[in-house]
1. What number goes with the only condition from (1) of a type outside the set (Phe, Trp, Tyr); (2) part of a loop (DSSP other than H, G, I, E, B); (3) open to solvent by 70 Å² or more (accessible area, probe 1.4 Å); (4) closer than 23 Å to Asp6 by Cα that Ile114 does not pass?
2. Which one of the conditions (1) within 26 Å of Thr152 (Cα to Cα); (2) more than 13 Å from the chain's Cα centre (by Cα); (3) assigned to a loop (DSSP other than H, G, I, E, B) does Leu9 fail to meet, given that it meets all the rest?
3. Every residue in the range 69-84 that is open to solvent by less than 50 Å² (accessible area, probe 1.4 Å) and either of a type outside the set (A, V, I, L, M) or in contact with a Leu (Cβ under 8 Å, 6 or more places away or on another chain) (or both), please.
4. Suppose the filter is small (Gly, Ala, Ser), open to solvent by less than 40 Å² (accessible area, probe 1.4 Å) and closer than 25 Å to Thr152 by Cα; does Gly4 pass it?
5. Do we have Thr23 as loosely packed, with under 14 Cβ neighbours inside 10 Å, among the β-branched types (Val, Ile, Thr) and modelled with pLDDT of 95 or more here?
6. Identify the single condition in (1) free of Cβ contacts under 8 Å to residues at least 40 places away in the same chain; (2) within 28 Å of Ala120 (Cβ to Cβ) that Lys79 does not satisfy, given that it satisfies every other one.
7. Only residues that are over 15 Å from the mean Cα position of the chain (by Cα) and aliphatic (A, V, I, L, M): list them for the range 96-134, please.
Amino acid sequence: MFLGEDYLLEGSTARKLYDEVATLPILDPHNHADPQQVVENPSWKDIWEVEGATDHYVWEVMRKCGVTEDKITGDAPSKEKWMALANAMPLIAGNPVYEWLHLDLFRVFGIRKIVRPETAEEIWEETLEKLKNPDMRPRELLKKMGLEVMCTTEGRTSSSWQ
């Protein structure tokens, strides 16, 4: 079931194997987290900051869906960027970005809604409220997820790329 506890687990063998490893620490060899954000551990302002502000995969699918750059990496307010992503989501069903975003909403925020234009505002407001909780800061979430090792890539907009 999409967005359920058995997501991608087909059959009793898959469930058994998952249950055997589910509580092991996570060793993440590749992610796009901002190391400075983990060090500073600030509260996130909004869902765009959590899901889209630093993820070049999100940016790529938005560009492919015709979203203008001001609503991806430009000066548009975060809410406009989130709404632009929500407008693109129905076009990218089946893409890993679609899966990842919904899994984050489900596992981190407890939100089972599908991101689309009709639900974007409600998800925006619901996540704004949840992000006020100190347990939603980067290090607290990583600890809750069982992360033991994290190897991040340097940001695509980092000055060391130039």
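The values are calculated or read from the model by the stated rules, or taken from the named source; none is laboratory data. None of the values given here were measured: they were computed from a predicted structure. Note that we place each Cβ from the backbone using ideal geometry, even for glycine, and neighbour counts take in every protein chain shown. Just so you know, the surface numbers come from the protein's heavy atoms only, side chains and all, with ligands and any DNA or RNA stripped out. Shrake-Rupley method; radii C 1.70, N 1.55, O 1.52, S 1.80 Å.
1. It fails just one condition, (3).
2. Every listed condition holds for Leu9 apart from (1).
3. Gly74, Ser78, Lys81, Trp82, listed by residue number.
4. The answer is no for Gly4.
5. Here the answer is no, as Thr23 does not meet what is asked.
6. Among (1) free of Cβ contacts under 8 Å to residues at least 40 places away in the same chain; (2) within 28 Å of Ala120 (Cβ to Cβ), Lys79 violates only (1).
7. None - no residue of the range 96-134 is over 15 Å from the mean Cα position of the chain (by Cα) and aliphatic (A, V, I, L, M), so the list stays empty.
Results for (1) modelled with pLDDT under 90; (2) assigned to a helix (DSSP H, G or I); (3) of a type in the set (Lys, Arg), shown as yes or no for each residue.
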site	(1), (2), (3)
Trp82	no, yes, no
Ala88	no, yes, no
Gly94	no, no, no
Leu142	no, yes, no
Met150	yes, no, no
Gly155	yes, no, no
